[in-house]
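Below is one structure, written out as structure tokens; comments come after it.
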Amino acid sequence: MSACPDTLVQTAPLPVLGRDVTVPLVTGGEVTYAALDYAASAPALQRVWDDVAAYAPYYGSVHRGAGYLSQLSTDLFENSRRTVADFLGCRDDDQVVFTRSTTDSLNLLAGALPAGCEVFVFETEHHAALLPWGSPHGGGRGRDTRVTYLNAPRTPGEAVRILETALAGRDPYGPALVCVTGASNVTGELWPVRELAAAAHAGGARIVLDAAQLAPHHPVSVRELDVDWIAFSGHKLYAPFGSGVLAGRADWLREAEPYLAGGGASRTVARGADGGVDVEWHTTAARHEAGSPNVIGAYAIASACKALTEAGFDTLVAREQDLVARVRAGLAEVPGVRVLSLFGDDAPRVGVISFVVDGWNSSHFAAALSAEYGIGVRDGLFCAHPLVRTLLGGEPRDPGECGAPDAGTGETSLNAIRVSFGAGTPDEHLERFVRAVRELVTEGARWSYRTEDGRCVPDTTG
């Protein structure tokens, strides 16, 4: 990766936790850790951490508490809800429900589906969006839900046509939901969300957007995309673990049974005439937020939303797009490296790139990047097994050295390597990554590795 004089490219990355952490190398010495696994969990912004630390001494119970700290914490929690709604461009009557993650958000929505709802989901989705809805034969979290899994498209236009064809064959009077990603967690490619939303609505369906990989990289607006719900995770949006959001239309959420039964979700509880209890549930977002809420998690998400907005998405996007182009250009110069793509090389994408290397087991390659260069990437199927297998279909299997054999076959698992980055990534980390890939491919690893619990690890037994 060569230096570029473009002023946008030279914009400094946003400060994140861990930016000065050093790690030991098996070859000796230490190096600043290059965290290039943002698609799994992005490091928390320093701004977010500072905001949380400033609030921590004022920590108090939320809702109904009479004390000052309780009232302050309640205001903080509800103001965080409004900040997230603004960040997502929500409609006035939308609800913002705080959850644990994208997975939690989509499972909550699955439980709120009306009886007999049909769900349409592309097989290319992350498991968080692929699995919650039920089975093709009905059942699952939703009542009598029937799921149709759509084939992987090879162009954005084909994705729209596949959805239109699928919706044309459904009962036009019954409820239906389409679930689609905004950006792939495997290829980083952007999906045609606005066009898919238009197709869904034309076919009488609603649409939920999995924005886990989109929201950290691009502005996302419920209004502009015309989606019915958005789900995302705090830990991918530069906030700490354990918080997420489901935002969107209130009616299905208001009419559904509470996601969890307990205090906070209930408005009143009384002994019933039959000896049981009669419950009146809230109709607001509190209906699905039973128990003491994760106030710090909600505040951290709100802080991240403010930080990204104040930094300016135009600047962040421009810098990241330059980094994507430079990494892809660097990988293209290394023999035997193939970058995975569903829509083709010219498709717009975020800072998520998956690839395979001829002659290398992916676990071995990722282990060498970590142990010899201090670079953290991910290898495997990235919780998107059908998509990765589609992208690698027909490819020879990884060589068996230091591999994780498939059960019963003795063959090495077929998987890939993923590098992902974002607003907190220094240029040097990606320059080191491209250099390391080139050296490993042309010169080989400098250390011996062995298999331990199905993973490649440096062999330190000698």
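Could you check region 331-360 and list, in sequence order, the residues that are in a loop (DSSP other than H, G, I, E, B), aliphatic (A, V, I, L, M) and farther than 24 Å from G182 by Cα? Full working, then the answer.
Step one: filter region 331-360 for residues in a loop (DSSP other than H, G, I, E, B), giving 333-336, 340-348, 350-351, 358-360.
Going one step further and asking which of them are aliphatic (A, V, I, L, M), we end up with 334, 340, 342, 347, 350.
V334 - this is the single residue of region 331-360 that is in a loop (DSSP other than H, G, I, E, B), aliphatic (A, V, I, L, M) and farther than 24 Å from G182 by Cα.
Taking region 328-363 as the range and being touching a Pro at 6+ places or on another chain (Cβ under 9 Å) and either among the aromatic types (F, W, Y) or within 30 Å of T460 (Cβ to Cβ) (or both) as the test, the residues that pass are F343, D358, G359, W360, N361. The one condition from (1) on the phi < 0 side of the Ramachandran plot; (2) within 21 Å of the chain's Cα centre (by Cα) that V269 does not meet is (2). Scanning region 149-173 for residues that are at pLDDT below 95 and buried (at least 16 other Cβ atoms within 10 Å of the Cβ) gives a single hit, R170.
Yes or no, residue by residue, for (1) buried (at least 17 other Cβ atoms within 10 Å of the Cβ); (2) in contact (Cβ under 8 Å) with a residue 12 or more places away in the chain:
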position: P24; (1), (2): no, no
position: D75; (1), (2): no, no
position: R91; (1), (2): no, yes
position: N107; (1), (2): yes, yes
position: G116; (1), (2): no, yes
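Being more than 15 Å from A239 (Cβ to Cβ) and either surrounded by 14 or more Cβ atoms within 10 Å (Cβ to Cβ) or modelled with pLDDT of 95 or more (or both) is true of R287. In region 228-264, the residue that is surrounded by the most Cβ atoms within 10 Å (Cβ to Cβ) out of those that are in contact with a Pro (Cβ under 8 Å, 6 or more places away or on another chain) and over 30 Å from A44 (Cα atoms) is W252.
Each row is one residue, and each column tells you yes or no for (1) closer than 24 Å to G380 by Cα; (2) charged (D, E, K, R); (3) touching a Lys or Arg at 6+ places or on another chain (Cβ under 9 Å); (4) loosely packed, with under 15 Cβ neighbours inside 10 Å.
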residue: G29; (1), (2), (3), (4): no, no, no, yes
residue: T32; (1), (2), (3), (4): no, no, yes, no
residue: W49; (1), (2), (3), (4): no, no, no, no
residue: G67; (1), (2), (3), (4): no, no, no, yes
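Counted as qualifying within region 137-255 are the strands (runs of 3 or more DSSP E) with 1 or more residues that are within 24 Å of R287 (Cα to Cα), namely 176-181, 206-210, 229-233, 244-248. With respect to (1) part of a helix (DSSP H, G or I); (2) without any contact (Cβ under 8 Å) to a residue 60 or more places away in the chain; (3) not basic (K, R), the lone exception for W133 is condition (1).
The values are calculated or read from the model by the stated rules, or taken from the named source; none is laboratory data. All values reported here derive from a predicted model rather than from experimental measurement. Positions of Cβ are generated from backbone atoms using ideal geometry, with glycine treated the same way; all protein chains shown enter the neighbour counts.
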